[in-house]
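Have a look at the structure below before the remarks.
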Protein chains: 2
Amino acid sequence: MTDWFRDDVHSAVASLDERAFQYGDGLFETIAIRGGKPRLWHYHLDRLDRGCECLGMAMPDHEQLRLSLQKVLAQSSAASDSCIVKIIVSSGTGHRGYGRKHISDPSIWFGVSHATPLPKSNYRDGVDTQICKTRLATGSATAGLKTLNRLEQVLARSELIEQNLFEGLTMDASGIIICGTMSNVFFVIKNRISTPALDQCGVEGVMRRHVIATLEKHDIGVSDATVEWQDLASVDEVFITNSQFGILPLRSCGEISWSVGATTRNVMECVSACGVPECRL
Amino acid sequence: MTDWFRDDVHSAVASLDERAFQYGDGLFETIAIRGGKPRLWHYHLDRLDRGCECLGMAMPDHEQLRLSLQKVLAQSSAASDSCIVKIIVSSGTGHRGYGRKHISDPSIWFGVSHATPLPKSNYRDGVDTQICKTRLATGSATAGLKTLNRLEQVLARSELIEQNLFEGLTMDASGIIICGTMSNVFFVIKNRISTPALDQCGVEGVMRRHVIATLEKHDIGVSDATVEWQDLASVDEVFITNSQFGILPLRSCGEISWSVGATTRNVMECVSACGVPECRL
C-alpha cells in the first residue's frame with residue numbers, strides 16, 4: 001500500500017478534473033530513501049527541472065520540496081530508513097481541454113511505500129529477461145523524461161507478468177534496444193561500456209546517470225550504444241540500472257545467456273562504494 | 001465545470017492509486033449528445049473496444065454502458081439536449097508497478113459538461129491554424145487510439161494558447177502532417193479527397209470515420225494522404241473533423257490561405273444530412 005500526501009498533508013484522492021488523470025499531464029520521480037535520506041536527490045531534482053521545462057510548468061522550489069519530503073517521512077506509517085517515495089507533479093485542474101498556459105504552481109503529491117530488497121542472488125548470478133514485443137515510438141517530444149504518459153512501459157512490462165522474468169528489454173521501431181521497462185541497460189563489448197542514447201524515446205534513469213558519473217571519476221568512459229536485438233548474442237556482458245536496486249547483471253535474454261563478467265563486477269564495486277551498497281557482491 | 005460520475009453515481013474524486021492517474025493507463029471518449037442521445041455511439045464503442053483490446057482490458061458491456069449513460073444524463077445538472085459526455089475507462093487500482101494482468105473489470109467514469117456551439121462564421125469562412133512545433137512520435141504502440149497518454153496533444157495545443165488560432169496541425173518526425181491537436185485533417189487535391197493514415201501515430205476520430213463512411217455512400221473515395229508541410233501551399237482545400245463540431249474548413253495555416261472550396265462545401269452538405277446538422281451552411 002502507498003501512503004499518499006498532497007504536499008505534506010495526508011490525502012488519498014485527487015479530483016477527476018486533475019490533468020494528471022485526464023491526459024497524464026505531469027511528471028513523477030521514484031526515489032530510494034536510504035538511511036532515512038533521499039538517494040541521488042540532485043539527479044531526481046535535475047530530471048524534474050528538465051521535465052517541468054519541457055511541459056511548461058514552473059519547477060517546484062527545491063528547498064520547499066526537500067522540506068515537504070522531510071515532513072512526509074516524519075508522518076508516514078510506511079516510512080522507514082529504507083523505503084520508496086514517489087513524487088507526482090501534475091499541471092493541476094485549472095485548464096479544460098488539451099491546451100493550457102504555463103503552470104506557475106503545479107500540484108504535488110508524495111506517496112510513501114515499503115522497499116523490498118532483492119535477494120543477494122540477483123546481484124551475484126544476474127537476472128532473466130526477454131525482448132518485449134511492445135516497441136517504443138521514436139521522436140518523442142518527451143524522450144528521456146519521466147512523464148505520467150507511461151503506456152509503453154505498462155504494455156511492455158505486462159508482457160512479463162505471466163512469466164518468471166525480472167525485466168524486459170524494449171526496442172524502438174527500427175529494432176535498436178533502448179532500455180528496460182523499468183531500468184536502463186548497459187552493454188560491455190570488448191571491455192568497452194556503452195548505453196543507448198535516449199534522445200528519441202525511453203527514460204533517462206537517475207541510476208544510469210550515477211553510473212556514468214561514477215565511472216567517469218574512475219576514467220572509464222561510457223559511449224552511445226546502437227545494439228539491435230540480433231547483435232545481443234555477440235555482446236559480452238549486459239547489466240541494468242534502476243534507482244531502487246542499483247545495478248543488476250543480466251543472466252539471460254530469451255535464448256541468450258551470459259555469466260556475470262569482470263567488467264560488470266567492477267562497475268558494481270565502484271558504484272557500491274559511491275552510495276549504492278546494494279551492489280556490493 | 002464537469003459533473004463527474006463513477007458508473008452512474010456522483011463522484012468528484014479518484015484514488016491516487018488509480019492507474020489512470022499514475023501512468024495514463026486507460027482510454028477515453030468524448031461524445032456529443034444531440035437531441036438527448038449520444039451521436040456516433042457505435043463508432044465510440046468500436047474505438048473503445050479496440051483500445052481495450054490493445055491495452056489488455058475487458059471491454060465494458062455495451063448495453064451496461066448505454067444504460068449508465070442514460071442514468072447519468074437523467075441525473076446531471078450539466079446535461080441538456082445538446083451537451084458533452086466524456087467516458088474514462090481506467091485499468092483500476094489493483095496492480096502496483098507498470099505491469100499488470102488482463103483487466104477483467106475496468107473502472108468507468110462519466111463526465112457531463114455543457115456544449116458551446118461554434119459561431120456559424122467558422123463553418124462559412126473557415127478557421128485559422130498553424131503548424132505546431134511539437135511532433136508526434138512514430139511507431140506508437142497505441143497509434144489511432146484515444147488513450148489517456150495525451151502529452152503530445154497537450155504540448156501541441158498549448159502552443160496555440162497565446163495566439164488567436166482555432167487549431168494546430170501536427171506532423172510526425174519526418175514532417176508529414178498527421179492530424180490536428182483535437183481534430184483529424186482532410187485534404188482536397190485536384191478534386192480528390194485524402195486523409196493521413198493513423199497507423200504510426202495520431203488519433204482516429206469518430207467524425208473522421210463518419211465522414212469517410214458518408215462519402216463512401218455517395219461513391220466518393222478517400223485515399224491515404226502523405227502531405228508534408230512544404231506541400232501544404234499546393235493543396236486546394238483543407239478541412240478538419242471532430243466529434244463535437246463536425247467539419248470545419250481551414251481558412252489559413254500560417255502564411256498559407258484558402259477560400260472555402262466546392263468540394264469541402266459538398267462534404268459538409270453530405271455529412272450535415274447524415275446526423276451532423278452543425279455543418280449545414
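Just want to confirm a number: the relative contact order over the range A:120-279, from Cα pairs under 8 angstrom separated by 6+ residues, in percent.
Answer for the range A:120-279 is 27 percent.
Computed from Cα atoms, the angle from the helix B:262-272 axis to the main principal axis of chain B rounds to 30 degrees. With a 10 Å cut-off between alpha carbons and a GNM built on chain A, which of A:21, A:110, A:187 moves the most? Its mean-square fluctuation being the largest, the pick is A:21.
In whole percent, what relative contact order does chain B give with Cα contacts below 8 Å and a gap of six or more residues?
Working: 553 pairs, mean separation 52.0, N = 281.
In percent, rounded to a whole number, it is 18.
Remark: label point of residue A:257 defined 7 Å out from Cα along the Cα-Cβ vector; separations to the same position in other copies 7.2 nm, ascending. Shape class for the range A:147-281: rounded, because the ratio a/c of the largest to smallest gyration tensor axis (alpha-carbon atoms, square roots of eigenvalues) is under 1.5.
In chain A, the longest principal axis of the Cα atoms and the axis of helix A:62-75 are about 90 degrees apart.
Counting, for every residue in A:139-146, the Cβ atoms of other protein chains within 10 Å of its Cβ and taking the mean gives 5.
At 222 nm, what helix-only mean residue ellipticity would chain A give, in deg cm²/dmol to the nearest 500, using -39500 (n - 2.57) for each DSSP H run of four or more?
On the way: 7 runs with 71 residues, N = 281.
Result for chain A, helices only: -7500 deg cm²/dmol.
For the range A:1-140, rounded, prolate or oblate, judged on the Cα gyration tensor with a ≥ b ≥ c (square roots of eigenvalues), a/c < 1.5 rounded, else prolate if a/b > b/c?
Details: a/c = 1.88, a/b = 1.24, b/c = 1.52.
Because a/c hits 1.5 or more and a/b fails to exceed b/c, the range A:1-140 counts as oblate.
Once both labels are positioned 7 Å from their Cα atoms along Cα-to-Cβ, the gap between residue B:233 and residue A:125 label points is 6.7 nm. Among the trypsin sites (Lys or Arg not before Pro) in the range B:185-281, those located in a DSSP loop and surrounded by at most 10 other Cβ atoms within 10 Å of their own Cβ are B:190. Look at A:41, A:229 and count the other Cβ atoms within 10 Å of each Cβ; fewest to most, that gives A:229, A:41. Using a Gaussian network model of chain B in which every pair of alpha carbons under 10 angstrom is joined by a spring, one finds that among B:204, B:159, B:29 the greatest mean-square fluctuation is at B:159.
Charges at C-beta only: +1 for Lys and Arg, -1 for Asp and Glu. How large is the resulting dipole of chain B about its Cα centre, in Debye rounded to 20? List each step's numbers first, then the result.
Details: 28 positive and 33 negative charges, 74 e Å.
Here the size comes out at about 360 debye.
Simple spin-label estimate for residue B:199 and residue B:216 gives 1.6 nm between the two label positions (7 Å along the Cα-to-Cβ direction from each Cα). Between the range A:226-278 and the range B:226-260, how far is it from one alpha carbon centroid to the other, in angstrom? Here the answer is 51 Å between Cα centres.
Under the rule a/c < 1.5 gives rounded, and otherwise a/b versus b/c splits prolate from oblate, where does the range A:71-159 land using the Cα gyration tensor? Note, shape of the range A:71-159 comes out oblate. Across the range B:51-160, the relative contact order, built from alpha-carbon pairs under 8 Å that are at least six residues apart, equals 29 percent.
Inter-chain Cβ neighbour count for B:18-30, averaged per residue, equals 6 (cutoff 10 Å, partner chain atoms only). Projected label points at residue A:42 and residue B:133, each 7 Å from Cα along the beta carbon direction, are separated by 3.0 nanometres. Counting only DSSP beta bridges whose two residues both lie in the range A:120-279, roughly 60 percent are antiparallel. Result for chain B in a Gaussian network model with C-alpha springs under 10 Å: among B:98, B:123, B:43, the largest mean-square fluctuation is at B:98. Across the range A:83-91, rounded Karplus estimates of 3J(HN,Hα) from the backbone phi angles (6.51 cos²θ - 1.76 cosθ + 1.60, θ = phi - 60°) give 8, 10, 10, 9, 10, 10, 10, 10, 6 Hz, Gly and Pro being marked x.
Remark on residue A:141: its backbone amide H falls under 5 Å from those of B:137, a criterion applied only to residues 5 or more positions apart or on other chains, H modelled at 1.01 Å from N. Less than 5 angstrom separates the built amide H of residue B:193 from those of B:223, all sequence-distant by 5 or more or on a different chain.
Packing around the peptides A:47-58, B:253-264, taken as the average count of other Cβ atoms within 10 Å per residue, puts them in this order, highest first: A:47-58, B:253-264. For residue B:101, the aspartates and glutamates whose Cα falls under 17 Å of its own Cα, not counting residues fewer than eight places away in the same chain, are A:152, A:159, A:162, A:167, B:17, B:18, B:25, B:53.
Per-residue shielding of A:94-100, expressed as the average number of other chain Cβ atoms within 10 Å of the residue Cβ, stands at 6.
Taking the DSSP beta bridges with both ends in the protein assembly as shown, the antiparallel portion is around 75 percent. In nanometres and ascending order, the distances from the residue A:277 label point to those of the other copies are 7.5 (point 7 Å from Cα along Cα→Cβ). Compared with the dominant principal axis of the Cα atoms in chain B, helix B:41-55 is inclined by about 70°. Distances between equivalent label points of residue A:192 across the copies, with each point positioned 7 Å along Cα→Cβ, amount to 4.9 nm, shortest listed first.
For the residues B:17, B:219, A:46, what sequence is obtained by ranking on other C-beta atoms within 10 Å, fewest first?
Ranked by crowding around the Cβ, least crowded first: B:219, A:46, B:17.
Taking 31 Å as the limit for the C-alpha separation, the pairs B:133/B:190; B:120/B:190; A:86/B:37; A:71/A:146; A:133/B:146 exceed it in the case of A:86/B:37.
Values in this text are rule-based calculations from the coordinates and carry no lab data. Quantities reported herein were computed from a predicted structural model and do not represent experimental measurements. Quick reminder, even Gly has a Cβ in these numbers, built from the backbone with ideal geometry, and neighbours come from all protein chains shown.
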